[in-house]
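Everything below concerns the one structure shown next.
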């Protein structure tokens, strides 16, 4: 069954292009229903003119919603390590007139963001891709503005996708990692059926 699935993905990638397959992988079927993006953005209470980083932006599922929230005088840094995705994000931002979206091609261990520039660093279903999260977020602290926050949404390590494929991290593990990196939990929300949603701020 898994071999058939992989063969189907390969065939589709040849037919419609690798970047299209990647974007589908980020969005999947019916994501708007279970992801509740409008409620997520509303919950974060993002101020107009804020500077927000979408870490692991992928195909921009949250990027452009965040850009709407910060308004034309704010900035959203769309951060990803995949050149296919950063190229697509640049094209989409230009096509749709999002002059407040700045695309950043990051390194695996460095988001390549300006020091002290980010009011909110947001990441969704990316945490499990970070090899050493404690070291990474300890370094990320330098890019946060005063009163900056980090919001982490991550698939729970349960169910078919999270349990079978490992694309997940337990919420307690995230909290432990973030505390070790020098942060404190300031909020946690439980309205997402498949994911944990936690917000952190520097501990000092």
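The values are calculated or read from the model by the stated rules, or taken from the named source; none is laboratory data. Quick caveat, the model's predicted, so the values are computed rather than measured. Ideal geometry is used to build each Cβ from the backbone, glycine not excepted, and the neighbour counts take in all protein chains shown.
Miscellaneous remarks
- Single match in 123, 99 (criterion: exposed (fewer than 14 other Cβ atoms within 10 Å of the Cβ) and at pLDDT 95 or above): 99
- Listed by position, the helices (runs of 4 or more DSSP H) inside the stretch 110-204 whose residues that are farther than 30 Å from residue 33 by Cα number at least 1 are 133-140, 171-180.
- Verdict on residue 196 being at pLDDT below 95 and under 14 Å from the mean Cα position of the chain (by Cα): no
- Positions within the stretch 69-92 being assigned to a helix (DSSP H, G or I), touching a helix residue (DSSP H, G or I) at 6+ places or on another chain (Cβ under 8 Å) and within 21 Å of residue 37 (Cα to Cα), in sequence order: 69, 85, 88, 89, 92
- Qualifying residue in the stretch 77-85 (condition: modelled with pLDDT of 95 or more, at positive phi and over 15 Å from the mean Cα position of the chain (by Cα)): no
- Test: residue 107 is surrounded by 19 or more Cβ atoms within 10 Å (Cβ to Cβ), in contact (Cβ under 8 Å) with a residue 24 or more places away in the chain and within 15 Å of residue 55 (Cβ to Cβ): no
- The set of residues in the stretch 60-87 that are surrounded by fewer than 22 Cβ atoms within 10 Å (Cβ to Cβ), over 21 Å from residue 44 (Cα atoms) and touching a residue at least 40 places away in the same chain (Cβ under 8 Å) comprises 82, 84, 87.
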